[in-house]
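A.B. asks: Could you have a look at this structure, given as structure tokens, before my questions?
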Amino acid sequence: MSQLSPTVPALRTAFGDAVERALVSCGDTIVYVRNDSVHDVLVWLKTEPGQGFNYLTDITAIEYRDPELPLEVAWQLRSLERKADLRVKVALDQHASLEVRSVYDVWRGADWLEREVYDMFGVVFTGHPDLRRILMWETYAEGYPLRKDFPLRGHFSRAEQTRQALAASPESHYSLTELSIAEAFHELPKDMRERLRRGERGFLT
Amino acid sequence: MGLTDREARAEGEQLSTISSISPNWVTTRLDFLVNWARKNSLWPMPFGTACCAIEYMATAASRFDIARFGMERQSFSPRQADVLICAGRLPFKLAPVIRRIWDQMPQPKWSISMGACASSGGIFDNYAMVQGIDTIIPVDVYVPGCPPRPEGLMYGIQLLQKKIEGESFTDEALRDEQLVGPAGLFLPAERVNELSEPFGNSVQQTRNA
């Protein structure tokens, strides 16, 4: 299985220059797409008859050790009917703003995947309805942990990290659904009900 | 040292409450009775976050059975618990959670730090992990191991029982709550940094590396 997926020529005819290079790595086809047309490409891959990449396996990002190389965002797609896989990538310039369009409107499952990439790499998904941190707490101020310029133990001293962690007020940053207390809403103290009704959230830095 | 403090205080203040008088036959017998009751009916509050929790479950189950030590009832409410057993690594995101649970537990209360991660951060010397829960809550017994065998945890529980045996209600500081202070920590910041220093055969020995 070292052959390029037949999807790639079909993509080239449909999108022309927007499809950049394509290669095969470990049997997987990887297609690089221009950032401005990646949303259209993904919609096409999902809806075009004969392609049917209807399952979004994962969204992730790659930062290489060489600082000159661009940061890549990858969408791993699978066609459940055809049992075929395809990896779509976008190369983002490290020195420009890291922005790609959200595919939340195409796959609802992209919600948490995009939040994770945002949390760990700082890639902003425009059009995502609720883009905030998912693994780190919302007031986390040290940056994006999976970036290469992020030190293993974080930027702050352990005492400062501990202080900030203890000061994080988890219940003021999560929605009722996330806390699974929607049914007990009326049992909550009045001030907490007010805060949650206003949708009070922390500040992202 | 506690004895001399107490004597000095009792003399200076001329108090005659039962906790201010020096240990005598009544207070030591009462201590013995109270401590005997406490140590044999500890109600653990399990705070299981990782693989240590599996060993904790094994400890609680029929083969090892911590009910033999009076820990018959697993208390899943901090309000009815005596011992907080932190079984597993503690990420910073859970730090305010375990702190709140500890604050919600009524006195008398003790805590056991089960496993390498809870005691020191273990192999997770990184940005996300608390380097030992003793930077978040006071700890009475550390159980080493990764994860500790049930025998190890039971040994830790017996050590805690020994510690409870030695307590005296004439020691007034014993039941003081160690709350998070105005600086946002219950220990001095330097102490937290010192406790969190890399150790052992860590590849990067300093925080700046």
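A.B. asks: Could you please find all residues in segment B:175-196 being surrounded by fewer than 15 Cβ atoms within 10 Å (Cβ to Cβ) and without any contact (Cβ under 8 Å) to a residue 60 or more places away in the chain?
C.D. replies: Taking segment B:175-196 as the starting set, the residues that turn out to be surrounded by fewer than 15 Cβ atoms within 10 Å (Cβ to Cβ) are B:175-179, B:181-183, B:188, B:190-191, B:194.
Across segment B:175-196, the qualifying residues are B:ASP176, B:GLN178, B:GLY181, B:PRO182, B:ALA183, B:PRO188, B:GLU190, B:ARG191, B:GLU194.
A.B. asks: Report, by residue number, each residue of segment A:170-205 that is part of a loop (DSSP other than H, G, I, E, B), modelled with pLDDT of 75 or more and within 25 Å of the chain's Cα centre (by Cα).
C.D. replies: Result: no residue meets the conditions.
A.B. asks: Restricting segment A:145-162 to residues that are surrounded by fewer than 18 Cβ atoms within 10 Å (Cβ to Cβ) and within 13 Å of B:VAL192 (Cα to Cα), which is nearest to the other protein chains (Cβ to nearest Cβ)?
C.D. replies: A:SER157
A.B. asks: Ok, one more. Only one of (1) buried (at least 16 other Cβ atoms within 10 Å of the Cβ); (2) away from chain B (no Cβ under 13 Å); (3) modelled with pLDDT under 90 fails for A:VAL123. Which number is that?
C.D. replies: So the condition that A:VAL123 fails would be (3).
A.B. asks: Next question. Can you report the number of residues in segment B:67-84 which are closer than 28 Å to B:ILE123 by Cα and touching a residue at least 60 places away in the same chain (Cβ under 8 Å)? Talk me through it step by step, then tell me what you get.
C.D. replies: We begin by selecting, within segment B:67-84, every residue closer than 28 Å to B:ILE123 by Cα; these are B:83-84.
Among the residues that remain, those that are also touching a residue at least 60 places away in the same chain (Cβ under 8 Å) are: B:83.
Final tally of qualifying residues: 1.
A.B. asks: As an exercise: evaluate B:SER168 against (1) farther than 24 Å from B:PRO108 by Cα; (2) surrounded by 18 or more Cβ atoms within 10 Å (Cβ to Cβ); (3) modelled with pLDDT under 85 and give the number of the one condition it does not meet.
C.D. replies: (1)
A.B. asks: Now for a different question. Residues being out of contact with any strand residue (DSSP E or B) (no Cβ under 7 Å at 6 or more places or on another chain) and farther than 16 Å from B:ALA128 by Cα: count how many of those fall in segment A:116-147. Walk me through it before giving the result.
C.D. replies: Step one: filter segment A:116-147 for residues out of contact with any strand residue (DSSP E or B) (no Cβ under 7 Å at 6 or more places or on another chain), giving A:116, A:119-120, A:122, A:128-130, A:132-147.
With farther than 16 Å from B:ALA128 by Cα added as a condition, the list becomes A:122, A:128-130, A:132.
The number of residues fulfilling the criteria is 5.
The values are calculated or read from the model by the stated rules, or taken from the named source; none is laboratory data. Note that this is a predicted model, so its numbers are computed, not measured. All Cβ positions, glycine included, derive from the backbone under ideal geometry; neighbour counts span all protein chains shown.
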